[in-house]
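What follows is a short report on a single structure.
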Amino acid sequence: MVQHSWNPKMTENSSSFTQSSSAVGQLFCAKERTSTNHEPSAFRKETYSSHLSWTRRCLLIEGKPIPILSAEFHYWRIPDRSRWKYILKLYRALGFNCVRIYFHWGFHSPRQGVYDFQGNRDIEYLLQLCEELHLFVIAAPGPYICAETQCGGFPTWLVAKREIRIRHIAREFIKKWDQQFFEYCKEWYAQFLPILISHERATHPRGCVIALQIENELMQWLAFFRIGLDKELRSLAELAREMGVHSPIIHNDAMPDGSWTRGKRNRIWWSLGLISSSRRSYRVDLYGMDLYVTWPPDNGDQREGSLFELDIKDILSVVRLSNGNGLSHDATFIPFRNANWKKHRFAHAFDKLERTTTQFGGAATSGPVIVCEAQGGWYNQWGRRRTYDDMFTFFGEDHTSDVLVSLLAQGITMINIYMFYGGTNYGCLGDTEVYTSYDYAASIREYGFITNKARKVAAVNLFFRTFAYFGLTETERLPRSDENSVQCSLSNVVICTRWIGKSVSAHGNERCYPRIAFLRNFSSVSKFTLALEGVAVTCSLEPRQVMLVPCDIPLSDHVVLHISGIQIIVRMKHIGAELWVLSLKEAEVGRIALRSRVPLILKWCSLDGQHSGTCDPNIQGDETSDLTNIPAEELSFGAFRNGMFVNDDHSREECASLIRREEVRGQVYHLSVWKPCFILLATRRENEQGGTAVAQEHARFVCLNAVDASTVTCNWIEQENEIWSSQDETSGIPEGIAWGAYCLYFDKKGQLEISCDCSHTNVYYIRQGECPAMFYPMSLVEQLIPYCFVCPLSDKLHVLSSLSTCSVRWTSPWQSSQLDWNMIPWKPINYATERNPLDHLFTHGHSLYRCNFRIRRRLWLKNELILKLNCRHLAVVWCNGKCVGSHLTYSHHIVGPGAVNFWDVSYSGSMNYDLTLYLKKNENGSFENVQQQVIVLIHNFGQGRQPFVVNDVRNPRGLLSASFHGIPVEEVAWYMSGRNVSELEDPFNTVGIPLEDKFVGQSVGNNPFRHHREDSGMEDETTHMFYQEMTMASSSETFHSSSHLSNVVLKLDNSSFLFHVHSSAGIGCWRGKFRLPEILTSCDGCLHMPFALCLSGNAHCFAWINQLQIARYVAKVGPQTVFYIPCGLLRKDEENVLTVMYYTEHENAQVGIRITPYFVDNKTGNWQNEELESTNDLQPFVIYQFTV
């Protein structure tokens, strides 16, 4: 590798500084703006610039400015590899061109020296898939990834080595270099990076990897205290270079704080000159940061937090030192009160971001800023009173698109949404905070449903990527008072106007300066006026919604779009003219102002081609009044008043009109549209008969209602041909736009994949070429929009409508089994030194403790025996086979007993158990000389993840302390049991119960997606030995009368069952077999219907389907009761096996089990199954997929 060298003296002397205009700014805000990175590991721009480089604001790929619109993708949260492509296709269809991927060290290394890159761990396949789908990749291999996963992504076997300082953290906020830890990081990089290197864009023309993110949220400073180690980041970067990585190296700052940007110390003490140092800190190639601005209310409280506005109440709310156990609130579930995120906080978090990052200097000003994690939702925790549906309602449909537009308005062109699809924490993949679902209230729900939130993000993606053609990736912000800025009649509509500062084409005697106005409506009014250089249009935008307004965009050599009051979705070239897709609001008129040096006429026709017309304002005269001085609420066009139609004019056949007037900017045409239609703008010419004819076509508009517009997608293949295709590959695939189905996706061959549901009847497709199969030409609109085709979906809708009563078929009687405590392989331990599960690698799920003791032979001073236990997190205690009780020590605070992060006050959180009534007696009725036994089953919610500079990855779990009080005991012997995760092929596919493989199948703890289907489907013959067939109760009366029995099950309906549970039974299992509906297996994979497992009752349950652990249900803690069954896990032509392991602390309890399709709200994807009793017309979420 070529070594770069730098001269400290030359660098210091040649550095340039900018100073704030204020005296305080001159002292405290002097920032280095040098553009040269002198790190030996710096990206060699001069060598690889032909493939990968950058300007001040944008990445250059193959010499072309490319906006990077990215979505997070956690392949390890999608255990069925067959769904990887499905999710990535959704990303692509929704306008993303990149993914950021956290590569999980612990996921690939179950034990020291062993690395697995096969099956659903096949990184080579994943990167090839991204290249096939034309998705760039920002690779983030850590070693630390956070991501709410066990140990922050570190392998458990590494964390168990207590002599190693994980992330070099010696204690909270104190770091000390650990060479041994770095050697293990080397081992991980040596296994992973060779796979990555073969996919780098810098050295491979068709490679997908465009950047390497080193570490994660490694802050350099905390206020004025240095907490980051230069050597930590520098050593990892140099290690990557030594191993052959050539991509730019980035790091994501935990918040906009300027960490690792300047290559020198840049805090107040050095700026004041109070401390001098010549030591240069590490500098990344490109500056990246995370940005989270909104938190959901806590347990129904209307308050919501923000990183940017923490007050003393926020600080005190996370500190709890009191002694106690249980949750940090009452665990009883109460309805979550809907609240809204604060608009003023939201605006404050973004609107100074450009100025803030510019002041950082260094990498933050020499290249584009990358937002590595832009908030796309938030995770939920154990014990919260809210569900992910509640959180989705809180964020609403507009939050993520608001985040995206706010960042684009700051000139940021590299943005990654975290998360856009969350996934599933199968088994024990999640850390202390998160449970099985990682839905994240994201735009695509856990079960794959595309929400309206996702469609609004897609509209922003499509607009920005297609309008980047006009150079809008390199823009400067205009002051709001500037005459070239867009003005608004409402002050609470936040507008940021950006332009490229240079013209792109001539228009008569003037030049066009393309610009975009980024609108965010933070007012309570939805209708207002927009104006640019004296020309006004009306605009309608609901509160909290966003809109991108193109201004001064050339449509042809003679026509310029001046300003639009209608939302533009996407543009493309069609038959030599611009074709734009517009989104109309129902019963409202939208307006666009156009400048033209030639007379224009308007031709329109309805979408079905039944109505058409021509509007020639040049011969009708200009009947409009002066629009610039009329408020929006008084602006009227025809019978349009205050944004709504009056009288019966909404039923008229006309769809659009064009009027002309002379203004300061010359001849301005105002286009009004109020119904979905096709529009052609052309030059007016009189024919021989004296009528109006078309001389030149300037632009075409496809005006759709909001629902159809939200389904628009386009074919990027021709635009991306020079970026993704080799020279010997033929292009010629026409650009195209399609709409009208649940999801539309163009593959690299130009084929259109259609996914339809019951809400659409036709798919429309515009492209230059022959009519595709299954489509029909729309001859009635041919004159306006040539090559427009339609595909009826009636036959698909007939199939979908037949699935309203679809359910799984249970094929065999339920079976039950019990786990005998004596069957468990107990390991004797030294109570004082060996009780921590981490030392035995019993870290995932449960650990069990057994204590044998005897009562002393002497006169007792007390007549009761108390066992005082301190555990993490949920403990259930049995004494001599009978359940004594349980307790939970878990807190949402960062300081306290059971704290999820930071400081778990380990001496607190204990509970007393009175064992007196459960002690065995001898023949004489005395306790003396009788062997007594206590079993403690502890459910560990997860290991900490070591965030920032917090040393919590080894916070104690399992049994923290145990002591007997009262009656004296002797011959105390402690034993322990669990599952050593380093012995498992998949350390996360377990709940830690010993012998669970005997009850579920021998591949539990293995990776069921790594083996062939016939292998993974085989059940261990010994499994059948543990089960006996259960009795099916004929009625609810029979079931309740047999409540003392544990082998009776009540069938509630075709998919729901009710079971008895007894605390004295200890750990038990149920097993049932089912098949998918026949129609799903008879459609050759065309139908996609997700299913959920629903658990209820007051017992703790853990469920496997086909030997993958997909549910952890903790009664009264929750909040999850509905568990997604990964689609690739279900066998379509074979029986599927459901195994549920359970235990309870209640003497008598019941558990409900149900497998059902998803009945959801068609906008949010929120669960509606509970309303089925009162709603008979709900349709399950199911889509029909086919390819044109």
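In angstroms, what radius of gyration and Dmax does segment 525-591 have, counting Cα atoms only?
Computed over the Cα atoms of segment 525-591, radius of gyration and Dmax are 12.9, 40 Å.
Working only with C-alpha atoms, what are the Rg and Dmax values of segment 401-535, expressed in angstrom?
Expressed in Å, the Cα Rg and Dmax of segment 401-535 come to 19.5, 68.
Mind grabbing the accessible area of His965 for me, 1.4 Å probe, Å², rounded to tens?
Result for His965: roughly 90 Å² accessible.
What is the Cα convex hull volume of segment 1021-1131 when expressed per residue in Å³?
138
My understanding is that a pair violates if its Cα-Cα distance is over 21 Å; which of Lys456/Lys603; Lys456/Lys527; Lys527/Lys1163; Lys882/Lys921; Lys748/Lys796; Lys89/Lys675 do that in this structure? Please report the intermediate quantities before stating the final value.
Numbers: Lys456/Lys603 30 Å; Lys456/Lys527 19 Å; Lys527/Lys1163 24 Å; Lys882/Lys921 14 Å; Lys748/Lys796 25 Å; Lys89/Lys675 32 Å.
Listed pairs above 21 Å: Lys456/Lys603; Lys527/Lys1163; Lys748/Lys796; Lys89/Lys675.
May I ask for the net charge around Met547, where only other residues with Cβ less than 15 Å from the Cβ of Met547 are counted and Lys, Arg are +1 while Asp, Glu are -1?
Summing Lys and Arg as +1 and Asp and Glu as -1 gives +4.
Considering amide H positions built from the backbone, and no H for Pro or chain starts, which residues 5 or more places from Asn1166, or on another chain, come under 5 Å of its amide H?
Counting only residues 5 or more places away or on other chains, the set is Asp1161.
For segment 343-399, what does the alpha-carbon gyration tensor say about shape, rounded, prolate or oblate, given a ≥ b ≥ c as the root eigenvalues, a/c under 1.5 as rounded, and a/b over b/c as prolate?
Numbers: a/c = 3.40, a/b = 2.36, b/c = 1.44.
The shape class here is prolate.
Keeping the other protein chains in place, figure out the carbon and sulfur percent of the accessible area of segment 89-193, with a 1.4 Å probe.
For segment 89-193, the apolar C and S fraction of the accessible surface comes to 44 percent.
Ranked highest first by the average count of other Cβ atoms within 10 Å around their residues, in what order do 589-596, 915-922 fall? Walk me through the numbers before you get to the answer.
Values: 589-596: 23.9, 915-922: 14.5.
Answer by packing, highest mean first, reads 589-596, 915-922.
Which peptide among 1062-1071, 138-147, 781-790, 838-847 comes first, and what is the full order, when sorted by highest mean count of other Cβ atoms within 10 Å?
Final packing ranking: 138-147, 838-847, 1062-1071, 781-790.
Which net charge results for the neighbourhood of Thr916, defined as the other residues with beta-carbon distances under 13 angstrom from its beta-carbon, given Lys and Arg at +1 and Asp and Glu at -1?
Here the charged neighbours net out to +2.
With a ≥ b ≥ c the root eigenvalues of the C-alpha gyration tensor of segment 126-168, is it rounded (a/c under 1.5), prolate (a/b larger than b/c) or oblate?
prolate
From largest to smallest, what semi-axes in whole angstrom does segment 381-458 give when each is the square root of 5 times an eigenvalue of its alpha carbon gyration tensor?
Three semi-axes, in Å: 25, 14, 12.
Provide Glu697, Glu586, Glu476 ordered by accessible surface of protein heavy atoms (probe 1.4 Å), highest first.
Glu586, Glu476, Glu697
Ignoring everything but the protein chains, give the 1.4 Å probe accessible area of Glu474 in square angstrom, nearest 10.
Roughly 70 Å² of Glu474 is accessible to a 1.4 Å probe.
Using a 1.4 Å probe and counting only protein heavy atoms, arrange Glu354, Glu62 so the residue with the most accessible area comes first.
From most accessible down to least: Glu62, Glu354.
Limiting things to C-alpha atoms, what are the Rg and the maximum Cα-Cα separation (Dmax) for segment 141-202, in angstroms?
Rg and Dmax of segment 141-202, Cα atoms, are 13.3, 40 Å.
Filter the trypsin sites (Lys or Arg not before Pro) in segment 778-880 to those in DSSP coil with at most 12 other Cβ atoms within 10 Å of their Cβ, and list the result.
On the way: sites: Lys796, Arg809, Arg835, Arg850, Arg854, Arg856, Arg857, Arg858, Lys862, Lys868, Arg872; in loops: Arg835, Arg856, Arg857, Arg858, Lys862.
Sparse-neighbourhood loop trypsin sites (Lys or Arg not before Pro): Arg857, Arg858, Lys862.
So how exposed is Asp708, as accessible area in Å² (1.4 Å probe, rounded to 10)?
Near enough 30 Å² of accessible area.
Is the shape of segment 898-1003 best called rounded, prolate or oblate, per the rule: a/c under 1.5 gives rounded, else a/b larger than b/c gives prolate, else oblate, with a ≥ b ≥ c the square roots of the Cα gyration tensor eigenvalues?
Oblate.
Could you rank the peptides 972-984, 244-256 by their average count of other C-beta atoms within 10 Å per residue, with the highest value first? Don't skip to the answer; put the middle values down first.
Working: 972-984: 20.1, 244-256: 24.0.
Descending packing order for the listed peptides: 244-256, 972-984.
Starting from segment 137-188, pick out the GluC sites (Glu not before Pro) whose DSSP state is loop and whose Cβ has at most 15 other Cβ atoms within 10 Å.
Glu163, Glu172
The values are calculated or read from the model by the stated rules, or taken from the named source; none is laboratory data. Small disclaimer: the values here were computed from a predicted structure and weren't measured. Methodologically, a virtual Cβ is constructed for each residue, glycine included, from the backbone with ideal geometry; neighbour enumeration extends over all protein chains shown. When the accessible area is computed, the model is the full protein with side chains, heavy atoms only, and any ligands, DNA or RNA have been set aside. Shrake-Rupley method; radii C 1.70, N 1.55, O 1.52, S 1.80 Å.
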